[in-house]
Amino acid sequence: MLRRAIAAVAWLSLIFALACSAALPPSPPGASQPKAGGAAAQQPGAGAAGAPLDDIMVAEGDPGPVPVTRADPARGSRLAPVTIVVFSDFECPFCKHLGGTLRQLEQRYGPEQLRIVWKNYPLAFHRQARPSAEAAMAVFAHGGPSAFWAFHDAIFGADERLSPELEAAALRRAGVTPGQVKQLVQRSGAAQKVDADMALAARLGVNGTPASFINGVLVVGAQPAERFAEIIDAQLASARALRAEGTPPEQVYAALATKNFALPAEDPEDAEEEAESKAVHLVPVGDSPVRGKDTALVTMVLFSDYQCPFCRRVTPTVEKLAAQYGDKLRVVWKDNPLPFHPRAEPAAELAREARAQKGDAAFWQANDRLLAAEASLDDAALEALAADLQLNVAAAKRAVASRKHAAKIEADMELADDLGAQGTPHFFINGRRLVGAQPIEKFQALIDEEIAKAEAMVVAGTPRAKVYESIQKQAVPPAPPPKVSVPPPSKGHPGKGAAAGKVVIQMFSDFQCPFCARGAATMDELIKAFPGKVRVVFRHLPLPFHPEAQLAAEAAMEALAQQGPAGFWKMHDRLFKAHDASNLDRAALEQHAASIGLDAARFARALDERTHRAAVEADAQIARSAGITGTPGFVINGYLVSGAQPLAKFKRVVRRALSEAN
């Protein structure tokens, strides 16, 4: 298991850099050896300009459980007594918040006392994070630390969330044109560097962003500056003690990191993970597109997304497996277009329409073309593909525009949700789970195991065409959604939708949370999808690391007090219009109040006197008592849905709640 693997290898002083194509569990990282010398000469990143990153990932640097090499962008002296190694994601709003905190700390302690080191951990559900991480590493290799930090600061200093446009602006600030990036990424080994960072993160037990190691001491999340300062001050004292004992300054970081770093403790989850690796899940083939014979000994069901880079990356692996195993393997396609991939669902519609017009062969032709490395998925490209496949192009265009095959696509998405297949690609091999664009050896090992079992079944009398059906009879059915106990909302809580709806959704939300804004939009879609049946009620859960959220919540409650639900929802929409503090500070709140016609003096008095503080905190306490600690959180007739999930997820839970209510 992963954590037992950590225990076996985390203390190695050399960790070799290996490439890997897995979506989440990547390959081992690069490492370093110490070398004496001055801070300027040996600072990681110094002299990196123009050097391929894979040539320097095992170059001189600082070893230990959290190694630092010249391939890592750094700010501050290598001889600084305290080093913060940050695993971060350019698209993560919490990482952006931490970026500001780190700048405060750098100003407070100075470059001779504090060094900041960047390592990449782009999360799979942030579509722009991985390309931006690779671009950042290419910029670093091309222009050195100053170019990297110019790119970094341009992204984290911007008001808006990461986008291709913001990345392009950041590249120009770093002295690189967007047109140069692809070549620089290939030439520099940037992808391998990102893989190495992610693998190191996995070894260290990192599973989210941001994660910071202060001389080896782990700090999870965007904690306040004072929390970091407490640890930094303690480490400065420890460093002084080491220097007094005669430890050379260039060895202080490695010594303290080795002393401070603690391996993740053995966890009962390890046993659960091992059991999950052997569990057989109920994954019906249904009428999904199939490549291979029904007499195959192994059925591999693939949940995929045409816009997912990891799905494209694993396609050659699937093709090699099909060629290697021949009639022993069949591949079943299931659609799971992720909500942040806007062109994935139109592409899935076209592939389904190709099948409807010309059968499975046409589907797989469309599938192969849509998953090609350089395939475009815009409307013009889909129309051109329909023409190339000799489809009825007009009918294909209508099918995509009208979402003709949405019901089947959503059925696949609901099955994926039942199975916990939230990311793509996601495989079930004779019902056994395999997640991500794993190396081919992972697939081969699992397929070989299943072939051996299936052959034994055939020898015992099971017809080859009944092998998968027989395996599925013993499969684990999906678990129902989790339930929590939350008191019903009072009449004073703002709501929208059907006043007497049989399904009540209590939405615990934070006005400074971008995911809550996305969830609010989904609630509007859900009300339209179930007319007269669903009521959505807003409840407050301002998170402690969102400094503007509490007062924004109180402002919304004052709008409710003055104008009733209509006033609340007007204020709600304005607060969610932008996801930065400038839209939620006191001046902005007063502007919002004026724009919807609130009594300005009464509004200001309510904020000054904290009139609605108790009501907001009461909602937050209800959430905490139910175990809801993040936002957004939705309680649907007792069923808990956490996060800004796709509309299909909410539809499924609402249908379940309606059936029980009836």
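General observations
- Projecting the Cα atoms of Cys92, Ala661, Pro111 onto the charge dipole of the chain (Cβ charges, centred on the Cα centre) puts Ala661 farthest toward the positive pole.
- Of all DSSP beta bridges in segment 175-332, antiparallel share, percent nearest 5: 60
- About the centre of its Cα atoms, segment 158-289 shows a dipole size close to 920 debye [charges on the beta carbon of Lys, Arg (+1) and Asp, Glu (-1) only; nearest 20 debye].
- For the chain, with all protein chains in place and a probe radius of 1.4 Å, 55% of the accessible heavy-atom surface sits on carbon or sulfur.
- Rolling a 1.4 Å probe over the heavy atoms of the protein chains gives the chain an accessible area of 41 Å² per residue.
- The relative contact order of the chain, computed from alpha carbon pairs under 8 Å that lie at least 6 residues apart in sequence, is 12 percent.
- Values of log10 I(q)/I(0) for the chain across q = 0.07, 0.11 Å⁻¹ run -0.54, -1.28, by the Debye formula with one identical scatterer at each alpha carbon and no solvent.
- Reduced Cα scattering model of segment 430-512, Debye log10 I(q)/I(0), q = 0.17, 0.19, 0.24, 0.27 Å⁻¹: -0.84, -0.97, -1.25, -1.33
- Summary of the geometry: segment 508-524 and segment 269-341, compared by the centres of their Cα atoms, lie 33 Å apart.
- When the pairs Lys404/Lys442; Lys473/Lys649; Lys334/Lys496; Lys293/Lys408; Lys182/Lys293; Lys193/Lys651 are compared against a 31 Å limit on Cα-Cα distance, Lys404/Lys442; Lys334/Lys496; Lys182/Lys293; Lys193/Lys651 fall above it.
- Computed about the Cα centre, the dipole magnitude for the chain is approximately 1060 debye when only Lys and Arg (+1) and Asp and Glu (-1) carry charge, each at its Cβ.
- Relative contact order for segment 84-156, counting Cα pairs under 8 Å that sit 6 or more residues apart, in percent: 37
- Residue range of the chain that is longest and free of GluC sites (Glu not before Pro) which are both DSSP loop and sparsely packed (at most 13 other C-beta within 10 Å): 375-608
- Ranking Pro65, Pro487, Ile628 by Cα position along the charge dipole of the chain, where only Lys, Arg, Asp and Glu carry charges on their C-beta atoms, puts Pro487 farthest toward the positive end.
- Helical mean residue ellipticity (222 nm; -39500 (n - 2.57) per DSSP H run of 4+; nearest 500) of the chain: -15500 deg cm²/dmol
- Listed residues Gln562, Ser376, Ala147: farthest to the positive end of the dipole of the chain (Cβ charges): Gln562
- Burial ranking of peptide ranges 482-494, 288-300 (average Cβ count within 10 Å, highest at the top): 288-300, 482-494
The values are calculated or read from the model by the stated rules, or taken from the named source; none is laboratory data. Predicted model, so just to flag it, every value in this text is computed and none were measured. Glycine also receives a Cβ, built like all others from the backbone with ideal geometry; neighbour counts cover every protein chain displayed. Keep in mind that these areas ignore ligands, DNA and RNA; they rest on the heavy atoms of the full protein, side chains included. Shrake-Rupley method; radii C 1.70, N 1.55, O 1.52, S 1.80 Å.
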